[in-house]
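Below: the structure, in structure tokens.
Each value in this text was obtained by applying a stated rule to the coordinates, not by laboratory testing. Computed from a predicted structure; not experimentally measured. Cβ: placed from backbone, ideal geometry, glycine included. Neighbour counts: every protein chain shown.
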There are 2 protein chains.
Amino acid sequence: MYVILMYDCGEKRVGKMLKLCRRYLHWIQNSVFEGEISEVGLKELCIEAKKIMNEKEDSLIIFKSRNEKWLDKEIIGLEKNSTDNFL
Amino acid sequence: MYVILMYDCGEKRVGKMLKLCRRYLHWIQNSVFEGEISEVGLKELCIEAKKIMNEKEDSLIIFKSRNEKWLDKEIIGLEKNSTDNFL
């Protein structure tokens, strides 16, 4: 399945979340990632994320689409990507 | 159509972008918005966004889905929403 994932974490946890998400998905902007992932992969990612997150302060939103074709992506301005030196 | 929109702007332009996006969509997290929007509404939003943005530095990503039903949303942790005092 294809997912768009975004997190909002306390500063201390951002680095760990970024590292975790990059293991499974492609970074596209700020704290937003996208990519093809299996059900199992997503479950793993969520379990690991919960270990990092403070669930009373942080939030993780995942949009899932069964098929990438159902989503059109449009980019205006600069296209950033995972080769950026983000963090 | 249903869209998920995210921007990454220079600090000086963030306030204007936030205000613009809120006119058309619902804020869900950091610089991420979602909502139902017409083709015309989205065109207007993009035109206005381009006036605010520095296209060499800033980026705006829009995921479009013809139908909201094709997207599942999962939230882990805190569910923030437009009633938050963000900015």
Checked region B:3-59 for anything of a type in the set (Ser, Thr, Tyr) and more than 10 Å from chain A (Cβ to nearest Cβ); matches are B:24, B:38
### Task
Tell me, please, whether a residue that is closer than 22 Å to residue A:8 by Cα and surrounded by fewer than 20 Cβ atoms within 10 Å (Cβ to Cβ) can be found in region B:33-46.
yes
Within region B:53-79, residues under 14 Å from the mean Cα position of the chain (by Cα) and of a type in the set (A, V, I, L, M, F, W, C) come out as B:53, B:60, B:61, B:62, B:63
